[in-house]
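Presented below is the structure to which this report refers.
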Amino acid sequence: QSFCQYRGKVQSMSPEEIENLKKCDKVWNSVEVLNILQALVDKSGIVAELEGDGGERLCDLDGYYPQSSNVLRLLGYFALTGLLRVHCLVGDYNTALKAIYPLNLHERAHLFTPRIPGAHITLFYYGGFAYLMQRRYLDAARCFNAVLLYIYRVKSAHRSSPHFEQMLKKNEQMYALLAICLALCPVAAKSLDENVLMQLRERQSDNMAAMGRGDTDVYDTLFRDACPKFVTSTPPAYDQATTNTNQLAFRAQLNSFLLEVRSQQALPQMKQYLQLYSSISLARLAALMDVEEGALRQQLLCLKNKQRQLKWDGGKDMTSGTWTVATDLEFHIDVDPESGREMVMVSDSQQVATYAPFLAHHIARFEDIIRDLSAPAAAAAPAAAAAVPAAPVAATRA
């Protein structure tokens, strides 16, 4: 990544540097890098190891099996994360998720977590970003929630670590990406931990409110700050002195993301109107939104389409999933038999919160606390009585 970033800044190079790069056009070739990483994975046998027992033995022994070194196994393990990262840097998100199926972001991400936090954070950052760019916001939010909760719990223990600043930087980047997920798919907030949701509101409440109003500039800013440093897989045109291929790779990904955002720009306002009614005619809704009926019908179909997304279904492949409706607002278009007008029928699918399980859990918890507090006192009474010395017989008779 560092070499590709350097190679892309042709405008700041001297003629000697350009000539050296022309002679070494195979250095850090992306195809060769991917081949080496894949060879490490194949040679190490890490895939069969992880598929066998889920990596439990590998984690318990740190790869130090009897009379063997752990170097090859760990190289294979980290090569899987390397494959994910390289594919994300060149914008191939589907292949990136396919490459890490043995690690299983949703089940086996605990391997080596306490000892090597950098690898754990990198795995979830790039995995969540790959899901985000494929419009799978539920899975992306799940990945970011897991790693942000992990950072929230352990960051105080790593203050003296040389990687502490990098950990904090990735923490802020993932909160920005999580804010984007919730702005594009608000129902994803239901899967977040309470601590993560609280931290998100403290950091990104203003930005989330602006994105809820359809402000694309906020999306642009957050994406610029939180995305990886993309690279191009081919050498630049060294004859064009003003070329910066790093910006070309970045702008291609940014434009792809903003194209998706702009396709949903009018949807938040339309959802606000729909939440006010149980049924409304298409003509009246078009008048309220100041658009033509044909354009409104297209926006309603767009909203219906954006509400559907793939969600991981527990399979081995990280790209697999089942189509689910990720929304708290259900609607359909029907024709009124009396007036013959097209009507938008709205049904609020948001579940009413029930507090009975919450109260029952805390009642049971308090009862356990009271039982623990009273148990030592009850046990201490006989012990105290036994500790009192018996009075002399003569003194007792007296």
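Listing for the model above:
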{"quantity": "Residues of segment 243-283: accessible area per residue with a 1.4 Å probe, Å²", "calculated": "50 Å²"}
{"quantity": "Accessible area of segment 3-121 belonging to carbon and sulfur atoms, whole % at 1.4 Å probe", "calculated": "57 percent"}
{"quantity": "FRET efficiency, residue 273 to residue 191 (Cβ-Cβ, R0 30 Å, nearest 0.05)", "calculated": "0.65"}
{"quantity": "Residue with peak Gaussian network fluctuation, the chain [Cα springs, cutoff 10 Å], from 162, 235, 66", "calculated": "66"}
{"quantity": "Given charges at Cβ of Lys, Arg, Asp, Glu: the chain dipole, positive-most of 173, 14, 235", "calculated": "14"}
{"quantity": "Relative contact order (%) - segment 75-181, alpha-carbon pairs under 8 angstrom, separation at least six", "calculated": "24 percent"}
{"quantity": "Relative intensity, log₁₀ I(q)/I(0), of the chain from a Debye sum that treats every alpha carbon as a point, q = 0.08, 0.10, 0.13 Å⁻¹", "calculated": "-0.60, -0.84, -1.20"}
{"quantity": "Surface accessible to a 1.4 Å probe, per residue, for the residues of segment 110-205, Å²", "calculated": "41 Å²"}
{"quantity": "Candidates per trypsin sites (Lys or Arg not before Pro) in segment 22-81, loop by DSSP, up to 12 other Cβ within 10 Å", "calculated": "26"}
{"quantity": "Farthest toward positive dipole pole in the chain [+1 Lys/Arg, -1 Asp/Glu at C-beta], among 141, 359, 160", "calculated": "160"}
{"quantity": "Reach of residue 306 by Cα under 21 Å, taken over lysines that are not fewer than 8 positions away in the same chain", "calculated": "190, 271"}
{"quantity": "Qualifying trypsin sites (Lys or Arg not before Pro) for segment 269-356 [loop in DSSP, other Cβ within 10 Å: at most 15]", "calculated": "316, 341"}
{"quantity": "Loop-located GluC sites (Glu not before Pro) in segment 256-296, at most 13 other Cβ atoms within 10 Å (DSSP)", "calculated": "292"}
{"quantity": "Computed magnitude of the charge dipole of the chain (debye, nearest 20; Cβ of K, R +1, Cβ of D, E -1)", "calculated": "800 debye"}
{"quantity": "Sum of -39500 (n - 2.57) over DSSP H runs of 4+, divided by residues of the chain (222 nm, nearest 500)", "calculated": "-19500 deg cm²/dmol"}
{"quantity": "Dipole in debye (nearest 20) - segment 227-323, about Cα centre, beta carbon charges: Lys, Arg +1; Asp, Glu -1", "calculated": "280 debye"}
{"quantity": "Within segment 155-201: Cβ-based charge dipole about Cα centre, in debye rounded to nearest 20 (Lys, Arg +1; Asp, Glu -1)", "calculated": "60 debye"}
{"quantity": "Accessible area of segment 230-284 belonging to carbon and sulfur atoms, whole % at 1.4 Å probe", "calculated": "49 percent"}
{"quantity": "Length-normalised contact order of segment 169-278 in % [C-alpha pairs under 8 Å, at least 6 apart]", "calculated": "29 percent"}
{"quantity": "Ratio of the Cα radius of gyration of segment 13-110 to 2.2 N^0.38 Å, where N counts its residues", "calculated": "1.36"}
{"quantity": "Debye log10 I(q)/I(0) for segment 297-350, one point scatterer per Cα, at q = 0.18, 0.19 Å⁻¹", "calculated": "-0.72, -0.76"}
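The values are calculated or read from the model by the stated rules, or taken from the named source; none is laboratory data. Given the structure is predicted, the values throughout are model-derived calculations rather than measurements. Note that we place each Cβ from the backbone using ideal geometry, even for glycine, and neighbour counts take in every protein chain shown. Note: accessible area is taken over every heavy atom of the protein model, side chains too, but ligands, DNA and RNA are not part of it. Shrake-Rupley method; radii C 1.70, N 1.55, O 1.52, S 1.80 Å.
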